[in-house]
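The values are calculated or read from the model by the stated rules, or taken from the named source; none is laboratory data. Everything numeric in this text was worked out from a predicted model, so none of it was measured. All Cβ positions, even for glycine, are placed from backbone atoms using ideal geometry, and neighbour counts span all protein chains on display.
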Amino acid sequence: MYRSMMHISVKKSNQAVRFYQNAFDAKLVCRHENDNGTIAHAELDIFGQIISISESDQEETITGNTMQFGLHFGNGKEELVQKIIDNLSDGAKILCQAVDWSPLQTELIDKYGVHWFIFV
């Protein structure tokens, strides 16, 4: 079987799993912990897309400018998208909220340093 997934490597991975599970109302597919209780590997099903999460071993968070997770939900999903944006915005740096081609979108870097672009 082939599959693709988005991967998030962060500090405070236990909190991040709960944060993203709540933000997207995601289903926890699997969870494996390190000996110290952090996440070795977890997978969340976010509307049929898999996001994996693990504990970062890097000293500092590096937020790249060449990668972002973009999730397009389509017209008719405005209420869902607004809920996700509201949840992800907690502690986030908002980069952009207005574009001509989408009635509702937000680009942000969340409190774990993950770059998102969520839109209808």
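Worth pointing out:
- Verdict on L44 being hydrophobic (A, V, I, L, M, F, W, C), assigned to a strand (DSSP E or B), exposed (fewer than 14 other Cβ atoms within 10 Å of the Cβ) and under 16 Å from the mean Cα position of the chain (by Cα): no
- For the stretch 47-82, the set of residues classified as surrounded by 14 or more Cβ atoms within 10 Å (Cβ to Cβ) and not polar (S, T, N, Q) consists of I50, I51, I53, E55, F69, L71, F73, K77, L80, V81, listed by residue number.
- Once the stretch 95-114 is narrowed to residues that are part of a loop (DSSP other than H, G, I, E, B) and charged (D, E, K, R), the residue that is surrounded by the fewest Cβ atoms within 10 Å (Cβ to Cβ) is D100.
- Top-ranked residue of the stretch 26-41 - restricted to ones that are of a type in the set (D, E, K, R) and more than 29 Å from V81 (Cβ to Cβ), ranked as surrounded by the most Cβ atoms within 10 Å (Cβ to Cβ): E33
This table checks each residue for (1) of a type outside the set (S, T, Y); (2) at negative phi; (3) in contact with a Phe, Trp or Tyr (Cβ under 6 Å, 6 or more places away or on another chain).
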site	(1), (2), (3)
N36	yes, yes, no
A42	yes, yes, no
Q58	yes, yes, no
T61	no, yes, no
F69	yes, yes, yes
Q82	yes, yes, no
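- Looking only at residues in the stretch 40-99 that are at pLDDT 95 or above and hydroxyl-bearing (S, T, Y), the one that is farthest from N22 (Cα to Cα) is S54.
- Filter pass, F19 being touching a residue at least 40 places away in the same chain (Cβ under 8 Å), aromatic (F, W, Y) and surrounded by 12 or more Cβ atoms within 10 Å (Cβ to Cβ): yes
- Among the criteria (1) assigned by TED's automatic domain parsing to the domain that holds I8; (2) within 15 Å of the chain's Cα centre (by Cα), the one I39 does not fulfil is (2).
- Condition met for V120 (β-branched (V, I, T) and at pLDDT below 95): yes
- Each residue in the stretch 47-64 was checked for being assigned to a loop (DSSP other than H, G, I, E, B) and within 15 Å of G113 (Cβ to Cβ), and 9 pass.
- A Cβ distance below 6 Å, combined with a sequence gap of six or more or placement on separate chains, defines the contacts here; from the stretch 83-106, residues that are without any contact (Cβ under 8 Å) to a residue 60 or more places away in the chain reach residues that are of a type in the set (S, T, N, Q) and part of a loop (DSSP other than H, G, I, E, B) in the pairs T106/Q97.
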